[in-house]
Structure formats: C-alpha cells, structure tokens
Ligand SMILES: [Zn+2]
C-alpha cells in the first residue's frame, strides 16, 4: 500500500508516511517543512548520527534529553500512539513530530501501521 505525498506527489509506502498538519507527506518533505525555520535541528540530527556511528550504532549518545525521554518511553511501552507520547511527556504535536523525525533518522524508532492506527515502536521491534 502506498499513499501520495501531499507536497511532492511522490508515492510513499504506508509505513513511511508522516503527518504534517492534516497532510500525509513523505519523509524528505517532512524533514524539509520541519527544518526550514530552525536550521539548528539539522545540526542536531547530524550530530546524533555522528555520535551514533562512533558508538557503533547503539545507545542514545548525542540525543537531546527530550529525544531520550521519547525513545525510552517507546522502548518501555513497545507500541504507543503519538497521542500517548504527547500526553505522557507533555509535548505539543509539533515538538513531538520534530523529535520523532530525528529518532527515526537515527533508526531508533519507526512507525508501524495497524488498521487505521499508526504506532511508534522501537526500531528493532
Ligand atoms: Zn514528498
């Protein structure tokens, strides 16, 4: 199953769809819309990747505290909705999505679609 990205019109596999406002977009467009106003997030992502590479692709070194919190929450609960994470960690949707994008890029978590619901699960789930 694929959906069409609302921004670039490219086809996106179901499990790689991101939600930006009310639109379904691909990962590239998603990173683009989120990062455009804040270039420091790009640096944060690259930093996280670099740290992880140095650490042999394990651990959460290089992540921001909030990213670690989200990651740990998902790890402990194994399968959560974005809503659950927002409520548990008191985050806005925009803030959560921004951090999730980083965690997905670092291959710490991934999206998993079951029925109509998209869950966040550990990457090796
Ligand atoms: Zn796109």
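Descriptive notes on the structure:
- Linear extension gain, residue 14 paired with residue 65, 0.36 nm per residue minus alpha-carbon span: 15.4 nm
- Ordering of 67-74, 90-97 by burial proxy (mean other Cβ atoms within 10 Å per residue, highest first): 67-74, 90-97
- Virtual spin-label span in nm between residue 114 and residue 28, 7 Å along Cα→Cβ: 3.2
- Theoretical gain in end-to-end length, residue 7 to residue 88 [0.36 nm per residue, Cα-Cα removed]: 26.1 nm
- Kirkwood-Stokes translational diffusion coefficient of the range 66-125, alpha-carbon pairs, 25 °C, 0.890 mPa s, µm²/s: 220
Every read-out reported here was derived from the displayed coordinates using simple, explicitly stated rules and does not represent laboratory data. Just so you know, these numbers come straight off a predicted model, no measurement behind them. FYI the Cβ positions are ideal-geometry reconstructions off the backbone, even for glycines, and counts take in every protein chain you see.
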